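Enquirer: What follows is a single structure, and I will ask about it in a moment.
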Amino acid sequence: MDMITVKIDGKDIQVPADATVLTAAQMAGIDIPTLCYYPGLRPEGACRVCAVEVEGVKSLVASCVYPVTPGAVIHTNTPRVRNARRTIVELMLANHPNSCLTCERNNNCELQQIAFKVGVRKVSFSGERREWLKDETSPSVVRDPEKCILCGRCVKVCNDIQSAGILNYNNRGFDTLVAPVLNRGLGSTSCVACGQCSVVCPVGAITEKNDVDEVWRALSDPKLHVVVQTAPAVRVAIGEEFGLTSSVETGKLVAGLRRLGFDRVFDTDFTADLTIIEEAHELLHRIQNGGTLPMITSCSPGWIKFLEHNYPALLPHLSTCKSPQQMFGALAKSYYADKMGLKPEEIYVVSIMPCTAKKYEAKRPEMSRDGIVDVDAVLTTRELGRMFEEAGIDFAKLPDEEFDEPMGISTGAAVIFGASGGVMEAALRTAVEVITGKELHDIEFAQVRGLEGIKEATLDVAGQKVKVAVANGLANARKLMDLLAAGQADYHFIEIMSCPGGCIGGGGQPLPVDMEVRLARMKAIYQADRDLPLRKSHENPAVKELYKTFLGKPLGHKSHELLHTSYTCRPLFKEC
Amino acid sequence: MFEGACACAQQLPNNGDYDRLAELLNKYKQQKGALIPMLQETQKLFGYLPEPAMEQIARAFAVPLGHIYGVATFYAQFYLEPRGRHVIRVCQGTACHVRGSSKILDRVKQELGINAGETTKDFRYTIEPVACIGACGLAPVMMINENTHGRLTPEMMSKILLKYE
């Protein structure tokens, strides 16, 4: 890339010729406030908070979209710029509820931070306010349009990154509203509940559905035996809620959960190992018996809903395996209940997930038996952080503790479920050994790792070519499904994760998220894998025991009843 | 088992207009930037933009329904509710205002029992708010469909309205 010289605030600096004024300023160490700009999303220049002065240009320009030109002279800190920024933020606040103290995003709100940063100490404008109802129809995500500042980040993530196309600008001018068609409740649309909108929302206009109080209620009910399971991606991100960098915090996480009062602290990784065994056998069964191929993973509930609405004809490609969360719930209320001599209804299962769609998944009618749901409550990583705060737990000072047995025992293959490509890699570690009957030494499959949207690999397994693909982010999944629908995808196995980067970038993870954070979490996931003595699912002793004493064999009768599920065809634009 | 779509999927009203819509979609779906003309023609066909028609357009253009809806609600020219056979526009411009147009509008509303922006139950009339129709010399003035009625008094209204079946 050609470099050019520009002058920012009196200092000459070399920047790439295709830089924007914003990135050029960042390179010069100047922090320009932004609101609608979000790394990884198409910049739009909608909010104008990033206004700067460029010599020779009459009006202020939005630095996030304004390109640099050779010799440009830019001022980011003039009275005119400071006044404009302040006025813009004041105008936003004039039509924003002053409910900061009770807002989900209190202390973690970009509008709050910017108002402070640009020096707004009073709002000089008053006038009509928008009045919109809160949308609480989705089990995963709550919309509060009165708090919306119309930055459009959720519209871009929903359309460009996830290709779900649920949120769009409606109406015009003062009546502008970011909402689904006809301002329907999210719960009655084809929204996949991925929650990426809640990740990019700078304010409290889109948040996860808060289920913290339900869990507190269960914990204080003496009649209930409350168990908790925690997903792989939670352990590498929960520290961020307390100002730590992304790293493996499994020990502290377990200790914290125990302090909250859970009767048993278990690991979703236990059933992730189980998922791998069931799924690998299902794949082999399909290959050997002419079943529908490619087989596609079914761990990501947003992805399931996306396929049900958008490509119902492709549903037979989905593995019938329930996700690890749901397998855990089903086993907690059967296998574990038997072991403990408890009735299923006396057990309350909480899961801690990086995901908002898991809340929806737990409420699917298929995910219950005899009126007893597999999983009773789902909390996101963010909600767990809030519970720790409420309980006065100083996360950084917690000691390291171990999961309880037996459903807390797991392998490295389960941990990597948390990163895009991980389920594929874990399945290969098991499937290759099952097919060849020999021990696999080289167990790291680098081709399927990383943040790239679509990854492909061809493996030679006992003389047979096995072709696999991995996609993360639903727009990338759509590309693969279009190929599959056109008969141009000759893969054996496809892994799909709804969120960019996989579960580590999930809709329920700590804020803020960008490429760097995703990479750091991913690195931590693979570190957690290397740290474990066992790294192949079929070597998990607790899972072996489970098959020996309870399930029988993979794909057997009990597995079918407890661990497998079915899917529903749904209309393209709404919920049935 | 999953051939075709599920039972709750798209069932188009049995209506010849939807055959005509399919022809229009064939004409426009390959053209870039054709969404607005497509919506205009659809509205000409149905008198408004029915939801099943917007869904058909979204499928054919391979864009989210929300995108179509966003465009349809941005422009004042598109209607999402059925409209009356006769559209009444009582001018509310400055010249008309000083010559009593609010009394004219009040009388129309009273005669029809609806508010501005609404349609009568029998779909005979729709009252549409309008800022100025550019015929200040005839103030107070109104338009019904393409016909202009000027120098109005409230007493004239019922007779004029009756002319439109």
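Enquirer: What number comes out for the charge environment of B:Ala22, summing +1 per Lys or Arg and -1 per Asp or Glu over other residues with Cβ under 14 Å away?
Expert: That sum, taken over residues with Cβ under 14 Å, equals -1.
Enquirer: Quote the charge dipole size of the protein assembly as shown about the Cα centre in Debye, to the nearest 20; the model charges only the Cβ of Lys and Arg (+1) and of Asp and Glu (-1).
Expert: Dipole of the protein assembly as shown, to the nearest 20 debye: 2360 debye.
Enquirer: Could you tell me the center-to-center distance, by alpha carbons, between the stretch A:355-382 and the stretch B:24-57 in angstrom?
Expert: 41
Enquirer: Determine, for each peptide in A:442-455, A:162-175, the mean count of other beta carbons within 10 angstrom over its residues, then list the peptides with the highest first.
Expert: Answer by packing, highest mean first, reads A:162-175, A:442-455.
Enquirer: Here's a follow-up. What are the ³J(HN,Hα) couplings of the stretch A:290-298, residue after residue, when phi is run through the Karplus curve with 6.51, -1.76, 1.60 and θ = phi - 60°? Round to Hz, x for glycine and proline.
Expert: Using θ = phi - 60°, the values come out as x, x, 5, 10, x, 8, 10, 5, 10 Hz.
Enquirer: Okay, moving on. Which of the lysines could a cross-linker span from A:Lys209 if the Cα-Cα distance has to be under 27 Å and same-chain partners fewer than 8 positions apart are dropped?
Expert: A:Lys134, A:Lys147, A:Lys156, A:Lys223, A:Lys252, A:Lys305, A:Lys322, A:Lys333, A:Lys358, A:Lys359, A:Lys363, A:Lys574
Enquirer: Taking only complete DSSP H runs, can you tell me which helices of chain A stretch 27 Å or more along their own long axis by Cα positions and average at least -1.0 on the Kyte-Doolittle scale?
Expert: Membrane-span-like by this rule: A:268-288.
Enquirer: OK, next. List the GluC sites (Glu not before Pro) in the stretch A:355-440 that DSSP assigns to loop (not H, G, I, E or B) and whose Cβ has at most 10 other Cβ atoms within 10 Å. Which are they?
Expert: Of the GluC sites (Glu not before Pro), the ones in loops of the stretch A:355-440 whose Cβ has at most 10 other Cβ atoms within 10 Å are A:Glu439.
Enquirer: Okay, moving on. Starting from the amide H of B:Glu118, placed 1.01 Å from N in the peptide plane, find each other amide H under 5 Å away whose residue is 5 or more places distant or on another chain.
Expert: Answer set, sorted by chain and number: B:Ile127.
Enquirer: For each of A:His560, B:His149, count neighbouring Cβ atoms within 10 Å of the residue's Cβ, then give the residues from fewest to most.
Expert: Result, fewest neighbours first: A:His560, B:His149.
Enquirer: Follow-up question, since we're still on this one. Around A:Val254, what is the net charge, scoring Lys/Arg as +1 and Asp/Glu as -1 over all other residues with Cβ under 15 Å from its Cβ?
Expert: Counting the neighbours of A:Val254, the net charge comes to -4.
Enquirer: Moving on to the next point. Find the all-direction average of the projected area of the Cα convex hull for chain A, expressing the result in square nanometres with one decimal place.
Expert: Mean shadow area of the hull around the Cα atoms is 28.1 nm².
Enquirer: Quick one: check the C-alpha center-to-center distance for the stretch A:440-471 versus the stretch B:110-154, whole angstrom.
Expert: One Cα centre to the other: 69 Å.
Enquirer: With θ taken as phi - 60° and the coefficients 6.51, -1.76 and 1.60, list the Karplus ³J(HN,Hα) couplings across the stretch B:137-142 in order, rounded to whole Hz; mark glycine and proline as x.
Expert: x, 9, 4, x, 10, 9
Enquirer: With each label point set 7 Å from Cα along the Cα-Cβ vector, what nm distance links A:Asp175 and A:Lys339?
Expert: The answer from the label model is 6.0 nm.
Enquirer: Which far-off residues, 5 or more places away or on another chain, put their amide H under 5 Å from the one on A:Ile206, with H placed in the peptide plane?
Expert: Here A:Asp144 satisfy the definition.
Enquirer: Specify the inter-centroid distance of the stretch A:88-164 and the stretch A:480-522, based on alpha-carbon positions, in whole Å.
Expert: 28
Enquirer: Which order do A:Arg530, A:Arg143, B:Arg83, B:Arg20 fall in if you start with the one that has the fewest other Cβ atoms within 10 Å?
Expert: Listed from fewest to most nearby Cβ atoms, that is A:Arg530, B:Arg20, B:Arg83, A:Arg143.
Enquirer: Given the -39500 (n - 2.57) contribution per DSSP H run of 4+ residues, what per-residue ellipticity at 222 nm results for chain A, rounded to the nearest 500 deg cm²/dmol?
Expert: The helix-only estimate for chain A comes to -9000 deg cm²/dmol at 222 nm.
Enquirer: Moving to a separate point now. In a shell of Cβ-Cβ distance under 11 Å around A:Ala84, excluding A:Ala84 itself, what net charge do Lys and Arg (+1) and Asp and Glu (-1) give?
Expert: +3
Enquirer: Now for a different question. Report, as an integer, the average count of C-beta atoms from other chains found within 10 Å of each Cβ along B:57-68.
Expert: Taking all residues of B:57-68 together, the mean is 5.
Enquirer: Sticking with this one: So what J values fall out for the stretch A:355-365 if you push phi through Karplus, 6.51 cos²θ - 1.76 cosθ + 1.60 with θ = phi - 60°, rounded to Hz, Gly and Pro as x?
Expert: 9, 8, 5, 4, 5, 5, 4, 4, 9, 5, x
Enquirer: With a cut-off of 8 Å between alpha carbons and a minimum separation of six or more residues, what is the relative contact order of chain B in percent?
Expert: That works out to 18 percent.
Enquirer: Can you list residues whose amide H is under 5 Å from A:Thr380's amide H, if they're 5+ apart or on another chain and H is modeled 1.01 Å from N?
Expert: Sorted by chain and number, the residues that satisfy this are A:Met353.
Enquirer: Counting alpha carbon pairs within less than 8 Å and at least 6 residues apart, what relative contact order, in whole percent, applies to the stretch A:212-563?
Expert: 26
Every number here is computed from the coordinates shown, using simple stated rules; none is lab data. What you see is a predicted model, and the numbers here were worked out from it, not measured in a lab. Cβ: placed from backbone, ideal geometry, glycine included. Neighbour counts: every protein chain shown.
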